[in-house]
Amino acid sequence: MIRKLAGAVLASTIAAFVAAGPAEAAPKKDFKVCWSIYVGWMPWGYLSDSGIMKKWADKYGINVEITRINDYVESINQYTAGGFDGCSMTNMDALSIPAGGGVDTTALIVGDFSNGNDAVILKDKKDFKDIAGQRVNLVELSVSHYLLARALDDAGMAEKDVTVVNTSDADMVAAWGTADVTATVTWKPLVSEILKDPAATAVFDSSKIPGEIIDLMVVNTETLKDNPDFGKALAGAWYEVMTLMTSDTPEGRAAKEEMAKASGTDLAGFDEQLATTMLFAKPADAAAFTRGADLPKTMDHVRNFLFDHGILGTNTTSVDAVGMAFADGSTLGDAANVKLRFDPAYMDLAAGGKL
Amino acid sequence: MRLVNARPSRGAAVALAALPFLAVGLAYAIASAARLAANPADKLLPSPSQMAASLYGLAAVPDKRTGDLILWSDTAASLGRLAAGVGTATAVALVLGIAIGFVPRVRAALAPLVAVISVIPPLAVLPILLIALGLGEAAKITLIAIGIAPVMTRDVAQRVAEIPAELVVKAQTLGANTWTMVVRLVLPQVMPRLLVAVRLALGPAWLFLITAEALASESGLGYRIFLVRRYLAMDVILPYVAWITLLAVASDFLIARLSKRAFAWAHPREAS
């Protein structure tokens, strides 16, 4: 990790020298998109491997290269640094990392929301309130941390009632096996693995805060504005795979099987993860969710959580520092500094069959 | 005059030494200014003033959640772990090193084991450490100690073995038994070398400390770096790296001074 960090610093220094000037806004032909392993993002790998992406890119006369990055945070950092034109991430990370870093970002596709994928798990305890006084192992400042904060809030407790211990997701399952770890917050497939332990009980999960942990495909707003074909190609390819994987056909099952294999599980395991994922298979549903009155409320929760934890930058003095724009044109936070936009336009095009 | 004979004056030497640092600083300032001109909220290469503001916030403004002054509580946590790990390793190296270097039967029994352990990469046995010791302080301190103790032990044992046989024979003709020789002859001889071993081990010890704090932690310099990496806060990471560098240089300097003070005889040429 240290090497990766050093590499990132070096690479960004070099990048800064090479591309010192502001990014020129000009139409371009080649686009790069990154994604990382998560049930809601597996279609990105499939649509790249199966040639569906190429088909849609060809239709608009562009090239779209889709890259899988093993480390989720690294993928977001690479996008923020300008290495990619689009990337898969959650609503919370989109606000804190690229938007907080001044990269104007548009949520192009609202893919799904976690409906039980993320869970608070206790060892030898069955009630959420038993978490009081415990050390809770989780990836700090991630959606797991947010879920814990919301769960504590629901139970009338506060974060000071527990001790948060930052633990890498790579070590989470092994950590659960040690006597030190009695409480954890994590996501599937780690949750499924940990729940195989008879001592483990999921006492709170994201299905109790539906629609708050949202999985997106975000793209650079400027790039999208100059190249609407990029957005159209991505949306077209995405919803073709959505239709395919939710159709009860042999082709649909084969597609899901391939995604299951790529995420290191089998069809049954993948279906189990899908069951706790509210996947917006139809673009009209995704667009309606994006227009929903709940989204600004959710983002208000999220930005307050981020601000309270100093994630919007240590120098940020106000929760309003980073602005957000919603489908109806309303904004949250600094309207003069809108950096995260929820725009259903491309989902609408897909819904209307205009791609 | 030939180039190899041109020696810089003291002032010129200082200026020459400062030059590469200034060049690196200037290169950074240019790159940072260029990126910030394109995007004022850019996080990758923060300006020196942004870093100073962040550092001030960490060092002087109590944290919103815990009320701690983050920089100092992180420093205390990390230095505590480092001291415990290096201290344990030093004690082990001294006791085991003298026994292996001075007592042939102990050497026969333990030297090969220590030699083998010293070549095992500690990070490769990390999963075993975690399962055996959990994720708490014990595992972090043990990782540091296991990482540096074998090499330090071999170093001390080697130095003990190099003590001239004449001295050992002389001590015995004066009636010393093994224990007296250890205390009066061997210990004073190896102490300066032990301090050198500690200085050399500090670099790896920092590496193991940062690694351990990345695994599971709630405070520490390494913990903070890995935590803020999540939102690309280079304005925190870069000052932290500079602070770690400063701490490492200062601790090295202090041990060197201690050695000169306590064992002046071991530094004949430097003592002036």
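The values are calculated or read from the model by the stated rules, or taken from the named source; none is laboratory data. The model shown is predicted, which means the values in this text are computed figures rather than measured ones. So basically every Cβ, Gly included, is an ideal-geometry build from the backbone, and we count neighbours across all protein chains shown. Side chains included, ligands, DNA and RNA excluded: accessible areas come from the protein's heavy atoms. Shrake-Rupley method; radii C 1.70, N 1.55, O 1.52, S 1.80 Å.
What net charge is computed for the residues neighbouring B:SER32, neighbours being all others with C-beta under 15 Å from the C-beta of B:SER32, Lys and Arg scored +1, Asp and Glu -1?
Once all neighbours under 15 Å are counted, the net charge is 0.
What percentages make up the Cα-Cα pair-distance distribution of the range A:55-175 when the bins are 10 Å wide from 0?
Histogram of Cα-Cα distances, whole percents per bin: 10, 34, 30, 17, 6, 2.
Projecting each Cα onto the charge dipole of the protein assembly as shown (Lys/Arg +1, Asp/Glu -1 at the beta carbon, about the Cα centre), which of B:ILE141, A:VAL162, A:GLY323 comes out farthest on the positive side?
Farthest towards the positive pole: B:ILE141.
Put +1 on the Cβ of every Lys and Arg and -1 on every Asp and Glu Cβ in the protein assembly as shown; which of A:GLY292, B:LEU82, A:PRO198 then has its Cα farthest towards the positive end of the dipole?
B:LEU82
Summed for both chains, how many Å² of accessible area, to the nearest 100, are buried between A and B with a 1.4 Å probe?
What A and B bury together is about 3800 Å².
How well do other chains shield peptide B:246-254, expressed as the mean number of their Cβ atoms within 10 Å of each residue Cβ?
Per residue, the number of nearby Cβ atoms from other chains is 0 on average.
Return the subset of A:LYS208/A:LYS256; A:LYS188/A:LYS256; A:LYS29/A:LYS54 for which the Cα-Cα distance in this structure is over 21 Å, preserving the input order.
Over 21 Å apart, Cα to Cα: A:LYS208/A:LYS256.
In whole Hz, what ³J(HN,Hα) sequence does the range A:175-192 give by Karplus (6.51, -1.76, 1.60; θ = phi - 60°), x for Gly and Pro?
After applying 6.51 cos²θ - 1.76 cosθ + 1.60, I find 4, 4, x, 8, 5, 4, 8, 10, 8, 8, 10, 7, 10, 6, x, 4, 4, 4 Hz.
In deg cm²/dmol, rounded to 500, what helix-only [θ] at 222 nm does chain A give when every DSSP H run of at least 4 residues adds -39500 (n - 2.57) and the total is split over its residues?
Taking each H run of at least 4 residues, the total per residue is -12000 deg cm²/dmol.
Kindly write out, for the range A:127-137 in residue order, the coupling ³J(HN,Hα) from the Karplus curve 6.51 cos²θ - 1.76 cosθ + 1.60 (θ = phi - 60°), rounded to whole Hz, with x marking Gly and Pro.
Rounded to whole hertz, the list is 10, 4, 4, 5, 5, 3, x, 8, 8, 10, 8.
With charges only on Cβ, +1 for K and R and -1 for D and E, what is the dipole size of the range B:156-218 about its Cα centre, in debye, rounded to 20?
My answer is approximately 320 debye.
Per residue, how large is the accessible surface of the protein assembly as shown? Use a 1.4 angstrom probe and give square angstrom.
Solvent-accessible surface per residue comes out at 45 Å².
Given a cut-off of under 8 Å on Cα pairs at least six residues apart, what relative contact order in percent is computed for the range A:118-208?
That works out to 51 percent.
For chain A, what is the charge dipole size about the Cα centre, in debye to the nearest 20, if Lys and Arg each add +1 at the Cβ and Asp and Glu each add -1 at the Cβ?
So the dipole magnitude of chain A works out to roughly 420 debye.
Which helices, counted as full DSSP H runs in chain A, have an axial Cα extent of no less than 15 Å and a Kyte-Doolittle average of -0.5 or above?
Helices passing the filter in chain A: A:2-18, A:143-154, A:228-246.
What do you reckon, how do A:HIS145, A:HIS309 stack up by accessible area (1.4 Å probe), largest on top?
From most accessible down to least: A:HIS309, A:HIS145.
Is it possible to state the helix-based mean residue ellipticity at 222 nm for chain B, with each DSSP H run of 4+ residues giving -39500 (n - 2.57), the sum divided by total residues, to the nearest 500 deg cm²/dmol? What is it?
-25500 deg cm²/dmol
For chain B, modelled as a Gaussian network with Cα springs under 10 Å, which listed residue fluctuates most, B:ALA33, B:ALA23, B:ALA111?
Answer for the Gaussian network model of chain B: B:ALA23.
Taking 37 °C and 0.692 mPa s as the conditions, I'd like the Stokes-Einstein D for chain B in µm²/s, using the Kirkwood hydrodynamic radius from alpha carbon pairs.
Taking Rh from Cα pairs, D becomes 149 µm²/s.
With the contact rule set at Cα under 8 Å and sequence spacing of 6 or more, what percent relative contact order holds for chain A?
Worked out over chain A, it gives 24 percent.
Of B:ILE210, B:THR173, B:VAL196, which is farthest towards the positive pole of the range B:166-247's charge dipole, taken about the Cα centre with +1 and -1 on the beta-carbons of Lys, Arg and Asp, Glu respectively?
It is B:THR173.
Scanning chain B for helices, which whole DSSP H stretches are 15 Å or more long along the axis (Cα) and average 0.0 or more by Kyte-Doolittle?
B:10-38, B:48-60, B:70-102, B:104-119, B:137-161, B:187-215, B:234-262
For the protein assembly as shown, with only Lys/Arg (+1) and Asp/Glu (-1) charged at the beta-carbon, what is the dipole magnitude about the Cα centre, in debye rounded to 20?
Here the protein assembly as shown has a charge dipole of around 3180 debye.
Three principal axis extents, largest first, for the C-alpha atoms of the protein assembly as shown, in Å?
The Cα atoms of the protein assembly as shown stretch 102, 71, 46 Å along the principal axes, largest first.
For the range A:118-208, with all protein chains present and a 1.4 Å probe, just round the carbon and sulfur fraction of the accessible area to a whole percent.
Carbon plus sulfur share of accessible area: 50 percent.
Per q in 0.18, 0.23 1/Å, what log10 I(q)/I(0) does a Debye calculation on the alpha-carbon atoms of the range B:3-45 return?
-0.62, -0.77
Between B:LYS43 and residues 5 or more places away or on another chain, which pairs have amide H atoms under 5 Å apart, with H built 1.01 Å from N, and which residues are they?
For B:LYS43, whose amide H was placed from the backbone, there are no distant partners under 5 Å.
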